[in-house]
Number of protein chains: 2
Amino acid sequence: MTALEVQGAAAKAAARTLACAGTRDKNAALEAIASALLERTQEILAANAADLSAAAASGMSESMQDRLRLTAQRIAGIADGVRQVAALPDPIGAAVSEAVRPNGLRISRRRVPLGVIGIIYEARPNVTVDAAALCLKSGNAVILRGGKEAFRSNQALTEIMRSAIAGAGLDENAVSLVQDTSRDSANELMHLTAYLDVLIPRGGRGLIRAVTANATVPVIRTGEGVCHTFVDESADLDMAVSIAYNAKCSRPSVCNAMECILVHRAVAPAFLPMMKGKMDEKSVELRGDETVQAILGGCVVPATAEDWDTEYGDYILAVKVVDSLDEAIDFCNTHGTGHSEAIVTDRYSNAQRFLNEVDAAAVYVNASTRFTDGGEFGLGAEIGISTQKMHARGPMGLEELTSTKFVVYGEGQVR
Amino acid sequence: MTALEVQGAAAKAAARTLACAGTRDKNAALEAIASALLERTQEILAANAADLSAAAASGMSESMQDRLRLTAQRIAGIADGVRQVAALPDPIGAAVSEAVRPNGLRISRRRVPLGVIGIIYEARPNVTVDAAALCLKSGNAVILRGGKEAFRSNQALTEIMRSAIAGAGLDENAVSLVQDTSRDSANELMHLTAYLDVLIPRGGRGLIRAVTANATVPVIRTGEGVCHTFVDESADLDMAVSIAYNAKCSRPSVCNAMECILVHRAVAPAFLPMMKGKMDEKSVELRGDETVQAILGGCVVPATAEDWDTEYGDYILAVKVVDSLDEAIDFCNTHGTGHSEAIVTDRYSNAQRFLNEVDAAAVYVNASTRFTDGGEFGLGAEIGISTQKMHARGPMGLEELTSTKFVVYGEGQVR
């Protein structure tokens, strides 16, 4: 067996006991993790400092270093997140349905954990704890495979979690970190079908595409967001400016940020200058089609075909004028990633058509796409935002980390 | 574009309109299909006769020819199945949850179709209609890729369904048949990620494993069943014989039939001869471990390691004596395929432990594994029995052919 197979087998064994662990025991382990993170903050900071100095030496960009950086305050925030997960309802064991059949069989469909979840992620060490806490609460074992830049930080965090879990009387192999951070280990994890029930990549588009294209373990695709806002002919233009500005500028790097705005031709001459005035506050670069260029003039960068499919993650916005609702819907369905799509309108029938016909995890009328988030949607916490249709779609909370099982009580029935 | 890409694009376009079709329109199309199947029975029989004579000429086994064979009565049964699907509740559009958030956003999570479903199957032409009816009712377009042995039959059935669908005012491309029945087309379908949302293989183990191992389109694994029954120390032995006989002999070829029985050592000397007496009625071949051989004598075929992992699909049963409930649970979890597992017991705590600790789609106390079926479980109809944990587990009805979508009603909210 390879090192990863040994780790997989240990995780699978832990998953079997964790599936039967009570809520009280799982919560006690989460509380122990939160306390240990606070008590052992200095250890974590020391490991993180070593990661950061190696990162600086290797020429990592400032923004990437910031993602990697932990502070006492950030660690306290992470511990607080663990306590919030402990406070959420336990999804495991609940009966989704239950019925007695005509032959007397009582059939209950119950929530059970998925089993062993693999997470492949990049340079954010907070994911190590966030993901582990959600998996633990939902009765799943987790194998974490973080980026090499954060290895020392992840190692310290995982060690602290494992000893807290063992101290609370559960199997410490419920949480483990892949020790090899080379490409080989990511590749092996993608094919570890004997031990992994599902693999969730968290990170940039390149990572997610590589995992989706290569893995034979079932994958949940998350976090790719080319989101649109369509400003309809009947839109309240002040509202449209406010929504567009929020969707683009409140946090451009996240997947629910707007990348492209579609504007109905009838309101483009009035709306585009208003929008530009607001976007200028953040020096947003506008990349527009010919009509947009004609209306706004030289400040607009001519859009290329590639712009319509690009997730900028930055203060850049593609702008297109469309002739109709049909064209807008079709454009969203062609160029969107099925994440979040919004219409600003005051026409009832257009709102209904957009909601029904646009094929995305979240569709909005008169609100910012930035709300697509487990916390905002009331799920309590999220492990990612699924952009696929199978298993889970949109923000994934604890329930999305479960499967079901039919439990059948008989008295000797035969068919 | 390849022929299959053209077909995929047409299916995707049909899926968009079908997702918004009302229940009345979908039911009208299903009724039209049922009527047309009855009216055009002679055409179907003629096409089937051509398939059958080619099959006979190629030396196909009698049992395979029987799977391929259609009769007026079987076609009437297929049409009746379509009417039953029409009578089922439409899962699409229902709100799974709805809430108003503190900021006033109304967020509804609604059932929507998956989109385009691919079905890869073998020589049973009834699958062509059964699968199409379930997909149509759940608002999905379907691309059918049947075996070459049934091509003429499938072609006739598909043509009849397409004209009925068009006659009912829906897009006929909601249902289509892959025209190329070579391995190449199956392979292309497994990678048609631009158009297919999910792929469901229906057939033997070889087909299912090949699709699972190769497809980059998300797959739902169905129908592999190495099912066990554990006869506990406290079992009512008459009940255990009745359940075992039913689980093995009522229909040995199906996936919910028992392949292996585990018997507690304390009751083996009493139980095994009783069971053998009953199994002899169907001349079931018993393959046992050394203890079983010692108890039953020379009529037992010595079991090899391979027997513990074999889905016989025949009147053959692997028999093993175990020392404890723990050993039985561990054996089910190691050698089972996660399909259906049963315990016969009168000890409460053993029943509970078996239900909780055995990891399978359906777990039973004191009943035959043969009940794992969409009809028996009250789902109305099924497209297959999932043995994976993601998306769907166990018998898959109409709801399992759906995804969800968050629909958000705002009044200008920004984050």
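Data table
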read-out	value
Shortest-first distances to equivalent copies, position B:R101, nm, label 7 Å out along Cβ	4.2
Rounded if a/c under 1.5, otherwise prolate or oblate - the protein assembly as shown, Cα gyration tensor axes	oblate
Between helix A:348-357 and chain A: long-axis angle, C-alpha atoms, 0 to 90°, nearest 10	50
Amide proton proximity set for A:M258, modelled H, under 5 Å, gap of 5+	A:K248
Förster radius 45 Å - calculated FRET efficiency between A:E306 and A:N103 (Cβ-Cβ, nearest 0.05)	0.15
Rounded if a/c under 1.5, otherwise prolate or oblate - segment A:8-158, Cα gyration tensor axes	prolate
Computed FRET value (nearest 0.05) for B:R347 with A:E31, which takes r as the C-beta separation and R₀ as 35 Å	0.50
Segment A:303-314 - phi-based ³J(HN,Hα) in whole Hz, Karplus 6.51/-1.76/1.60, Gly and Pro as x	6, 9, 4, 4, 4, 6, 10, 9, 8, 5, x, 7
Cα gyration tensor category, rounded, prolate or oblate, for segment A:13-100 with a/c compared to 1.5	prolate
Label 7 Å beyond Cα on the Cβ vector: B:A54 copy-to-copy distances, nm	6.2
Positive-end residue of B:L170, B:L45, B:I385, charge dipole of chain B with Cβ unit charges	B:L170
Whole-Hz ³J(HN,Hα) from phi, Karplus 6.51 cos²θ - 1.76 cosθ + 1.60, for segment B:371-385, glycine and proline x	6, 5, 6, x, x, 5, 8, x, 8, x, 6, 9, 9, x, 10
Other protein chain Cβ atoms within 10 Å, averaged over every residue that makes up A:385-396	5
Within straight-line cross-link reach of B:K278, aspartates and glutamates at Cα separation under 13 Å, skipping those fewer than 8 residues along the same chain	B:D238
Helix axis angle, A:72-87 relative to chain A longest principal axis, alpha carbon, degrees	70
Average other protein chain Cβ within 10 Å of Cβ, residues A:237-245	2
Mean-position separation - Cα centroids, segment A:275-339 and segment B:151-169, in angstrom	43
Nonlocal amide H pairs with A:V112, under 5 Å, H built at 1.01 Å	A:G93, A:S403, A:T404, A:K405
Value at 222 nm in deg cm²/dmol, rounded to 500, when DSSP H runs of n ≥ 4 in chain A each add -39,500 (n - 2.57)	-13000 deg cm²/dmol
Cut-off under 5 Å, modelled amide H: who pairs with A:G225 long-range	none
C-alpha long axis of helix B:205-214 to longest principal axis of chain B, angle in °	60
Using θ = phi - 60° and Karplus 6.51 cos²θ - 1.76 cosθ + 1.60, couplings along segment B:185-196 (whole Hz; Gly, Pro as x)	6, 4, 5, 5, 4, 5, 10, 7, 5, 5, 10, 9
Alpha-carbon Debye profile of segment B:227-371, log10 I(q)/I(0) at 0.21 Å⁻¹	-1.38
Over 42 Å [Cα-Cα, chain B], rounded percent	23
From the C-alpha gyration tensor of segment A:173-302, square roots of 5λ in Å	43, 14, 13
Shortest-first distances to equivalent copies, position A:S182, nm, label 7 Å out along Cβ	4.0
Where rotation carries B onto A, the chain B residue whose Cβ is nearest that axis, in whole Å	B:H391, 2
Other protein chain Cβ atoms within 10 Å, averaged over every residue that makes up A:372-378	4
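Bear in mind that the values in this text are calculations on the coordinates, not laboratory data. Computed from a predicted model, the values in this text were never measured in an experiment. Positions of Cβ are backbone-derived with ideal geometry, glycine not excepted, and every protein chain shown enters the neighbour counts.
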